[in-house]
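Chemist: Have a look at this one before I ask anything.
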Amino acid sequence: MHYPWYKDHKIKRVKKIIDIFGIDWFKNKSILELGACHGELGLEFANLGADVLFTDVRIENLTELLSIKPDAKIQVLNQNSYYNLHRKFDLVLHLGTLWHVENWYNDLYCAIKHSDSIILETLVLPRSGNFSMPYNNVDSIYSSINQKEQVFTEVAVESRLNELCLSNCYRDWE
């Protein structure tokens, strides 16, 4: 079950990423999709020839993905803990999951270690300043596994990215 706006949002996300890289770029590229849920975004890039590793903290989400694409490469991955997949990817997709992670500082560190290219999309607070705070979102089936989510400002995310030495960021706000 998805929210009513999800299909249009997914199409816009995929189009934006293709616009950034070009449609031919995805052939034979390796992509890590963090928090893939049912893998709908990564499947779009797999259909363009990319080798996608789908990760999620919930095995039931990945199992549903296997019913759609039986040969999908999947891995249960808890982004609340340090993770190292012992390889680099051409691209990391980190779309809409950062605020679901209790230790989002650590999660950004781990994600960035896996590629020189990352697409990061997250919910941010419409406030100024550099801060984050806990947020309990227990009503959603898409909430974090431990219901200990974080919300943060744009400045907080950018500060963390700068700490991690990202100097060449493409930035586009809708």
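Chemist: In a shell of Cβ-Cβ distance under 14 Å around N28, excluding N28 itself, what net charge do Lys and Arg (+1) and Asp and Glu (-1) give?
Modeler: -1
Chemist: With N residues in the stretch 51-111, what two-decimal value do you get for its Cα radius of gyration over 2.2 N^0.38 Å?
Modeler: For the stretch 51-111, the normalised Cα radius of gyration comes out at 1.14.
Chemist: Separation between the K16 and N162 pseudo-spin-labels, each 7 Å from Cα along Cα→Cβ, expressed in nm?
Modeler: Modelled inter-label distance: 2.2 nm.
Chemist: Which value, in Å² rounded to 10, gives the accessible area of V151 with a 1.4 Å probe and all protein chains present?
Modeler: 10 Å²
Chemist: For the stretch 16-133, with all protein chains present and a 1.4 Å probe, just round the carbon and sulfur fraction of the accessible area to a whole percent.
Modeler: Carbon and sulfur together cover 50 percent of it.
Chemist: Inverting the mean 1/r over all pairs of different Cα atoms, compute the Kirkwood radius of the stretch 1-85 and quote it in Å.
Modeler: 13.5 Å
Chemist: So, one more: Could you calculate the FRET efficiency of Y105 with R127 from 1/(1 + (r/R0)^6), where r is the beta carbon distance between them and R0 is 25 Å, rounded to 0.05?
Modeler: With a Förster radius of 25 Å, E is 0.85.
Chemist: Here is the link list: K29/K88; K29/K73; K10/K88; K69/K113; K15/K73; K7/K29. Which ones come out longer than 19 Å on Cα distance?
Modeler: K10/K88; K69/K113; K15/K73; K7/K29
The values are calculated or read from the model by the stated rules, or taken from the named source; none is laboratory data. Predicted model only: the values in this text are computed from it and were never measured. In this analysis, Cβ positions are derived from the backbone assuming ideal geometry, glycine residues included, and neighbour counts consider all displayed protein chains. Only protein heavy atoms, including side chains, enter the accessible area calculation; ligands, DNA and RNA are left aside. Shrake-Rupley method; radii C 1.70, N 1.55, O 1.52, S 1.80 Å.
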